[in-house]
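Q: First, the structure itself, so that you have it in front of you.
The values are calculated or read from the model by the stated rules, or taken from the named source; none is laboratory data. None of the values given here were measured: they were computed from a predicted structure. As a convention, Cβ positions derive from the backbone with ideal geometry for all residues, glycine included, and neighbour counts pool all protein chains shown.
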Amino acid sequence: MRHSRLTTIIMVVVLVVLLMGLKTYYDAGEFKHIESSCDCSCTEISGIPGPEDIDIDYQSGMAYISSDDRVSALKGNILPGAIYEYDLKKYRIRKLTSNLHFDFHPHGIELYKTNDGTKLLFVVNHRRQGHYIEIFEVTKRKLLHRESIRDEQMLTSPNDISVVNERMFYVTNDHGYTSRLGKMLEEYLQLGVSYVLFFDGKKFRKVAENLKYANGIKMNKSGDLVYVAAPIGKLIRVFSRDSETSNLTILQDIHINSGVDNIHLDPEGKLWAACHPKLLTFVRHSKKPSLLSPSQVIVISFNGIENYSLYEVFTDSGELLSGSTIAVPFENIFLVGSVFDDHLLRCEKLQ
C-alpha cells in the first residue's frame, strides 16, 4: 500500500514538472516556426561588435550606437566597449569614445537635447566595480564625459534609460533579485519582480514595479506617457506620467506574442519593438553565440491611447542577425542591432 502511494506521488510530481516545462517552452515561443520575411533589402554594417542599443538624431541624421564585444568577454578576453556614430546619409562610422579613464561597457542609451541645443548622451554602463549612468556631451569629434551617477542599493541591474531633462531620467532594473540563483528563478518561473527607477537629480526611487524583466523604456515627446518593455511577459506596459511628481500609473498592456527587448519611438509616434520570438533559444545564444537566435521587428501604430495596431516589418531566422535588440527607422531605412553579432543591419524598404 505504501509502495503504491509513493509511486502515485512520484508520478504526480513528474507530471507536474513535465507540464511546467511544456508551459515554459510554450510561453517562451519555442514551438514557433520562424520564417525569414521582410519587404526590404538589408546590408551588414560591420566593425561594431555587440550593437545592443541605437538612438537617432533625426535633425542631423546621425545614429549613436552602444557597442560591447560580449563574444570576446565570454572567452575571457574583456575589451573596452564604445559608442559609435553612424552617418545615415554618408554611410560613415566613427568611434566617439577612446582613452576613457574608467571601465566602459555600455548598454542602453538615449540622446537628449537641451534648450540651448547641447546634445547629451545618457549611457547605462556596467563597470566591473558596479553599475553607473554616464552622461556625455556630444561634440563633432568625440564624447566629452560630464558625470557618473551611481547608487549601489538601487541601481542593481540597469538595462535601459529614458531622459526627462539634463538631470532627471527613468531607468529599468531588469531583475528584482541580485543573486545568480534569484535571477535564474525570476526568469524561468516568470516572476514579475523587476521595476523602473526615477532619478530626480539627487536620488533614485521606484516608480513602477511587478514587471517581468523590465527592459526597454521610452517616454513620449509630450512627456505624459512612458512605455516599458517586459520580454518575459511578452508585452509593453503603458504608463501615464505625472509631470509634477514623475510618478507612473498603469494605463494598459500592449500584448505582443514575442519577447520585446528595446523600444524606439519614431517622429510619427510609432513604437518600434525589437523582439526575441524564441526566448529560450536566445538564452542559449547568449551562452554560445554561434547558436542562432531569430530576430523580429514589430511596429505599433496608435490612434488614441487604447486603439493601436501591430504589424511585422522584419523577421529573420538568425542568419542575417541573431537576437535583435533594437530597431530604429530613418526616412526609407531602418537599423537593427543585437547583443552578440559583430555587425548591425541597415535595411532599405522596397518601393
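Q: Do you know which residues across the stretch 48-87 are under 17 Å from the mean Cα position of the chain (by Cα) and at positive phi?
A: If the condition is that a residue be under 17 Å from the mean Cα position of the chain (by Cα) and at positive phi, then GLY50 is the only one that fits.
Q: Mind telling me which of the residues VAL260, VAL297, VAL283 ends up being modelled with pLDDT under 95 and not in a loop (DSSP other than H, G, I, E, B)?
A: Testing whether each residue is modelled with pLDDT under 95 and not in a loop (DSSP other than H, G, I, E, B) leaves just VAL283.
Q: Looking at SER72, SER60, SER41, which one is of a type in the set (Gly, Ala, Ser), in a loop (DSSP other than H, G, I, E, B) and either farther than 28 Å from PHE282 by Cβ or in contact with a Leu (Cβ under 8 Å, 6 or more places away or on another chain) (or both)?
A: SER60
Q: Of all the strands (runs of 3 or more DSSP E) wholly in the stretch 82-123, which have at least 1 residues that are free of Cβ contacts under 8 Å to residues at least 40 places away in the same chain and within 16 Å of SER66 (Cβ to Cβ)?
A: Strands (runs of 3 or more DSSP E) meeting the threshold: 82-87, 93-95.
Q: Within the stretch 179-233, track down each residue that is among the charged types (D, E, K, R), outside any strand (DSSP E or B) and closer than 22 Å to VAL328 by Cβ.
A: Within the stretch 179-233, LYS221 is the sole residue that qualifies.
Q: Quick one: HIS175 ticks every box in (1) more than 14 Å from the chain's Cα centre (by Cα); (2) surrounded by 15 or more Cβ atoms within 10 Å (Cβ to Cβ) bar one, so which box is it?
A: Failing condition for HIS175: (1).
Q: Read through the list (1) modelled with pLDDT of 95 or more; (2) touching a Cys at 6+ places or on another chain (Cβ under 9 Å); (3) among the β-branched types (Val, Ile, Thr), then give the number of the only condition that VAL207 fails.
A: (2)
Q: Right, something else. Hey, could you check the stretch 210-249 for residues that are exposed (fewer than 14 other Cβ atoms within 10 Å of the Cβ), free of Cβ contacts under 8 Å to residues at least 40 places away in the same chain and not small (Gly, Ala, Ser) and say which is nearest to TYR308 (Cα to Cα)?
A: Once the filter is applied, the top-ranked residue is ASP224.
Q: Enumerate the pairs (first residue in the stretch 176-197 and of a type in the set (S, T, N, Q); second residue anywhere and part of a strand (DSSP E or B)) with beta-carbon separation below 7 Å, excluding pairs fewer than 6 apart on the same chain, so at least 6 apart or on different chains.
A: SER194/ASN173; SER194/LEU211
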